[in-house]
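Participant: Got a structure here, written out as structure tokens. Questions coming.
Derivation of every value follows stated rules applied to the coordinates shown; laboratory data play no part. If you're wondering where the values come from, they're calculated on a predicted model, not measured in any experiment. A quick note on method: Cβ atoms are made from the backbone with ideal geometry, for glycine too, and the neighbour counts reach across all protein chains shown.
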Amino acid sequence: MKNMKWLMVLIIGVFALSGCVPLVVGGAAVGGGTGAYFYINGELKTDYHYSFDTTWNACEKTVAYMNATDVIPVKEISKGTINAVIDGEKVRFVIEYKAKNLTTVAIRVGMVGDRSASQRLHDKVIDYLNK
């Protein structure tokens, strides 16, 4: 048991020194989200219990609602990105297929990331998914 504690401390220390500490931020995602958000390297990620195409459409509607400019959507079979400028900040949506009705969305706002701005965009995606 004592060795297990030291192993955990060592693992956490390695992540902390590498600058890749995943920070779990709570969020009550009503309806389609898993309720767990992960803020990693400037991206706020969560899973939605919707198909890839439905989630992609919700992300596109969110970008349109925010009056984004310089919108560049790139959609492939199981992954897509939407790059845009919203309120003068570069924004990147990464939408990835995980399973039939499970899609991961990662949102980065700005060069280094802005958790609260990313959360607001996720909230809008959820609104469109629940409609």
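Participant: Does the range 67-77 contain at least one residue that is among the hydroxyl-bearing types (Ser, Thr, Tyr), touching a strand residue (DSSP E or B) at 6+ places or on another chain (Cβ under 9 Å), assigned to a helix (DSSP H, G or I) and under 19 Å from Arg120 (Cα atoms)?
Facilitator: No: the range 67-77 contains no residue that is among the hydroxyl-bearing types (Ser, Thr, Tyr), touching a strand residue (DSSP E or B) at 6+ places or on another chain (Cβ under 9 Å), assigned to a helix (DSSP H, G or I) and under 19 Å from Arg120 (Cα atoms).
Participant: Taking the range 57-97, which residues are aromatic (Phe, Trp, Tyr) and crowded, with 21+ Cβ neighbours inside 10 Å?
Facilitator: Phe93
Participant: A further question follows. Filter the range 98-119 for residues that are crowded, with 16+ Cβ neighbours inside 10 Å and under 20 Å from Thr54 (Cα atoms); which is farthest from the chain's Cα centre (by Cα)?
Facilitator: Filtering the range 98-119 for residues that are crowded, with 16+ Cβ neighbours inside 10 Å and under 20 Å from Thr54 (Cα atoms), the one farthest from the chain's Cα centre (by Cα) comes out as Leu102.
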